[in-house]
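Novice: Below: one structure in structure tokens.
No value in this document is a laboratory result; all are computed from the given coordinates. Everything numeric here is computed off the predicted structure, so don't read it as measured data. For neighbour counting, all protein chains shown are included, and Cβ atoms are generated from backbone atoms with ideal geometry for every residue, glycine included.
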């Protein structure tokens with residue numbers, strides 16, 4: 001859902017020449033500090049993905065019940081009460097994404113930004129579409145059999161605004177990310193990323209998100225995304241703190257984003273009087289949102305410098321492919337292991353998560369690593385040589 005570790009490191013360490021005149025003179029972190037902070041961010045990304053995974057496997061009803069053949073509360077009486085909050089891993093992702101996109105776009109042209117996003121998102125996404133489509137044909141009781149026109153339109157990653165069925169259940173969040181990339185690219189990256197431009201973007205987007213609530217306009221809501229804007233804006237401001245140091249303006253943006261974000265998350269996820277498997281406490285929602293902002297703030301402030309374990313880089317590499325495949329392929333695995341082979345619930349849960357992580361590593365090793373750079377290189381080449389007349 002965010003840029004790959006090498007791209008982030010390179011982008012963070014080289015400011016754009018001639019684009020920092022209006023930026024405050026802040027202390028720059030050391031090379032080692034950048035590496036450690038980035039590794040900690042990779043760990044947070046995998047944690048967010050695992051929270052969403054826990055929600056899908058042990059927290060929600062619907063398709064989960066079809067896979068397990070029982071409700072989560074019957075299978076995991078205690079775990080299910082925690083797992084219902086795992087969906088907030090999505091908001092956690094968005095805070096991280098704001099941080100990472102600001103970092104990885106610094107010093108890049110609009111073309112560089114476009115190529116990096118396409119090369120990062122699409123190879124693993126296409127591979128996940130193929131895998132989930134194959135699973136749907138093998139066991140349509142878990143995932144509805146994907147029709148050809150559905151598969152083809154899903155290749156664009158634009159199926160949601162087209163009103164087409166999603167092959168990957170989690171890809172609605174990719175549509176949110178794509179809209180964030182478009183806004184940031186057209187309003188900031190196109191002119192060059194600077195402190196001043198990012199701050200103005202954060203302020204303008206926050207104001208637009210608040211005002212859009214009074215407009216009752218679906219198109220405006222699709223563009224401004226009032227329910228998710230605070231999380232991206234908070235991440236952007238936290239990266240500026242990471243790069244230039246603390247100041248009252250940036251912390252004011254972070255605080256405003258947190259205040260707005262906790263409200264939108266609570267309104268979306270807490271339903272007074274609800275009962276069954278999706279009962280949530282508004283105070284716990286507030287706590288989880290607060291911890292998401294606090295975790296990324298700890299990275300921004302350099303408190304995670306000692307978290308320089310090499311395995312965190314692997315965790316970051318696994319996050320995106322794991323996030324793409326874990327839902328539907330996980331239900332497929334649960335159906336086979338638990339209902340087909342009779343494996344108990346807890347071993348099935350552990351084996352399914354481990355299998356999805358292993359498959360994610362294979363996707364990273366044999367899809368993302370070889371094809372991502374090739375796609376980026378191909379996008380740099382003109383379609384045909386120029387012929388002078």
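Novice: Could you work out the mean projected area of the convex hull around the alpha carbons of the chain, in square nanometres to one decimal?
Specialist: Its Cα hull, projected and averaged over all orientations, spans 21.8 nm².
Novice: What is the helix-to-structure angle for 229-244, meaning the angle in degrees between its Cα long axis and the longest Cα principal axis of the chain, kept from 0 to 90 and rounded to the nearest 10?
Specialist: Rounded to the nearest ten degrees, it is 50.
Novice: If R0 is 35 Å, what FRET efficiency do you get for residue 279 and residue 341 from their C-beta distance, rounded to 0.05?
Specialist: Approximately 0.65, to the nearest 0.05.
Novice: For region 37-196, go through all pairs of different Cα atoms, get the mean of 1/r, take its inverse, and jot down that Kirkwood value in Å.
Specialist: 17.8
Novice: Shifting gears a bit: Along its principal axes, what span do the Cα atoms of region 139-256 show, with the longest given first and each in whole Å?
Specialist: 55, 33, 28
Novice: Whole Å is fine, so just give me how far the alpha carbon centre of region 42-104 lies from that of region 327-346.
Specialist: Cα centroid of region 42-104 versus Cα centroid of region 327-346: 18 Å apart.
Novice: Please label the shape of region 82-175 as rounded, prolate or oblate, based on the square roots a ≥ b ≥ c of the eigenvalues of the alpha-carbon gyration tensor (a/c under 1.5 means rounded; beyond that, a/b larger than b/c means prolate, else oblate).
Specialist: Here region 82-175 falls in the oblate category.
Novice: Using the 2.2 N^0.38 Å rule of thumb for compact globular proteins, work out how region 55-131 stacks up: its C-alpha Rg over that value, please.
Specialist: Computed over Cα atoms of region 55-131, the ratio equals 1.59.
Novice: Taking the mean number of other Cβ atoms within 10 Å as a proxy for protection, how do you rank 39-46, 123-130 from highest to lowest?
Specialist: My ranking of the peptides, most packed first, is 39-46, 123-130.
Novice: Working out 0.36 nm times the residue gap between residue 137 and residue 365, then minus their Cα-Cα distance, what length gain in nm do you get to one decimal?
Specialist: Extending this stretch completely gives an extra 79.5 nm.
Novice: Using 0.36 nm per residue of separation minus the Cα-Cα distance, give me the extension gain between residue 301 and residue 152 in nm, one decimal.
Specialist: 49.2 nm
Novice: How far is it, in nm, from the label point at residue 248 to the one at residue 270 when both lie 7 Å from their Cα along the line to the Cβ?
Specialist: Label at residue 248, label at residue 270, 3.1 nm between them.
Novice: Okay, next question. Please report, largest first and rounded to whole Å, the three semi-axes of the ellipsoid equivalent to region 250-322, where each semi-axis is the square root of five times an eigenvalue of the C-alpha gyration tensor.
Specialist: So the equivalent ellipsoid measures 29, 19, 10 Å along its semi-axes.
Novice: Follow-up question, since we're still on this one. Can you give the Rg/Rh ratio of region 193-237, where Rg is from the C-alpha atoms and Rh is the Kirkwood radius?
Specialist: 1.01
Novice: For region 243-387, just run the numbers: alpha carbon Rg, then divide by 2.2 N^0.38 Å, N being how many residues it has.
Specialist: 1.49
Novice: Nearest 10 degrees, 0 to 90: what angle lies between the long axis of helix 195-212 and the longest principal axis of the chain (Cα atoms)?
Specialist: Approximately 50 degrees, to the nearest 10.
Novice: Relative contact order (percent) for region 244-389, with alpha-carbon contacts under 8 angstrom and 6 or more residues of separation? Don't skip to the answer; put the middle values down first.
Specialist: Details: 55 pairs, mean separation 25.5, N = 146.
17 percent.
Novice: Separate question: Subtracting the Cα-Cα distance from 0.36 nm times the residue separation, let me have the gained length for residue 222 to residue 259 in nm, one decimal.
Specialist: 11.2 nm
Novice: If you don't mind, another one. Tilt of helix 311-334 relative to the longest C-alpha principal axis of the chain, in degrees (0 to 90, nearest 10)?
Specialist: It works out to around 30 degrees.
Novice: Is the shape of region 201-277 rounded, prolate or oblate, going by the alpha carbon gyration tensor and its root eigenvalues a ≥ b ≥ c, with a/c under 1.5 for rounded and a/b larger than b/c for prolate?
Specialist: oblate
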